[in-house]
Amino acid sequence: MTTDPSAADPLKLGPHTLSSRLIVGTGRYADYDVMRRALEVSGTQCVTVAVRRERLFDAAGRNLLDFIDTDRYVILPNTAGCFNAEDAVRVARLGREILDQMGNPGADWVKLEVLGDAKTLLPDPIGSVEATAQLVAEGFQVLVYTSDDPVTARRLKEAGATSVMPAGSPIGSGQGVLNPNAIRICLEYLKDGDPDYPVIVDAGVGTASDVTVAMELGADGVLLNTGVAHASDPVRMARAMRLATEAGRLAYGSGRIPKKLYATASSPLEGTITGRP
């Protein structure tokens, strides 16, 4: 009998417990039917949705939320496209209102993005801290997107963020984890004295190996969108991302061997017929 490796290793985010450590976005797919199939094979239990009203409908006027099984998925509303703290807080409130009306348990949390500019889509650290503090005061569980700067990450945790989510690389770039040492330091800063604090790598994933790298560094989860949505075959890529998340988590928990400059024989040379020590 095959056992699901994630079943006994859930991801805890405030009051939410997720069976999968992969969170998948719902934007930029060719159509909603492809998105629905990709979400299904990804194994995710949580999907992010940009809740600004103009982003909920496609060119044919179809509502994105009609293509998401809200009994199966917890919706994580996000503030994508916000460039200051005030707008981000307003959009977060809108997301809570929409999900409250739907009865979805995601109404109490938000994926917070406060962007610095439209070209780089890098986070505004000051606006992110301000918005985090405001939303926490209003009772939100805040999962906040940030750069891989450890000091900013620590400030966001101090502001009350449920999870800090450093970027592997710029949003939608597909470059993977560009600075693994920075992610390691973020993990060290955020988990110091609090080893169960959830840290999720958010943004920049291009393929399955990027997910595995993030998980092997010790990230508690990965949040991605474009790497699946813009793949030549989004459904197959979604499955690859699922397997990569599981493999990376298992490898991290297993403890890799140290890297060495020279070879180490897996079988001893002593006692062989022709070999010499």
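The values are calculated or read from the model by the stated rules, or taken from the named source; none is laboratory data. Keep in mind the model is a prediction, meaning the values are calculated, not measured. Reconstructed Cβ throughout: ideal geometry from the backbone, glycine too, with neighbour counts over all protein chains shown.
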message: Would you confirm, using the coordinates I've provided, whether Asp148 is more than 22 Å from Gly95 (Cβ to Cβ), of a type in the set (Asp, Glu) and crowded, with 18+ Cβ neighbours inside 10 Å?
response: yes
- request: Kindly establish whether Asn63 is polar (S, T, N, Q) and over 26 Å from Lys12 (Cβ atoms).
  value: yes
- line: Considering the range 125-173, residues that are of a type in the set (A, V, I, L, M), part of a loop (DSSP other than H, G, I, E, B) and touching a helix residue (DSSP H, G or I) at 6+ places or on another chain (Cβ under 8 Å), and then whichever is modelled with the lowest pLDDT, we arrive at Ile171
field: Exclusive hit being touching a Pro at 6+ places or on another chain (Cβ under 9 Å), of a type outside the set (Val, Ile, Thr), closer than 18 Å to Arg249 by Cα and part of a loop (DSSP other than H, G, I, E, B), set Ala214, Ala219
entry: Ala219
- line: Among the residues of the range 68-83, the number that are farther than 17 Å from Ala137 by Cβ, touching a strand residue (DSSP E or B) at 6+ places or on another chain (Cβ under 9 Å) and not hydrophobic (A, V, I, L, M, F, W, C) is 4
- line: Cβ pairs under 6 Å, 6+ apart or interchain, first in the range 165-189 and farther than 18 Å from Gly25 by Cβ, second among the charged types (D, E, K, R) and surrounded by fewer than 18 Cβ atoms within 10 Å (Cβ to Cβ), ordered by first then second residue, are Tyr189/Arg154
- prompt: In the range 228-243, what residues are in a helix (DSSP H, G or I) and not small (Gly, Ala, Ser)?
  reply: Val228, Pro234, Val235, Arg236, Met237, Arg239, Met241, Arg242, Leu243
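For (1) under 20 Å from the mean Cα position of the chain (by Cα); (2) touching a residue at least 24 places away in the same chain (Cβ under 8 Å), each residue gets a yes or a no:
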site: Leu94; (1), (2): no, yes
site: Glu97; (1), (2): no, no
site: Met102; (1), (2): no, yes
site: Leu112; (1), (2): yes, yes
site: Pro125; (1), (2): yes, yes
Those residues of the range 1-12 which are over 13 Å from Glu246 (Cα atoms) and either at pLDDT below 95 or of a type in the set (Asp, Glu) (or both), in sequence order: Met1, Thr2
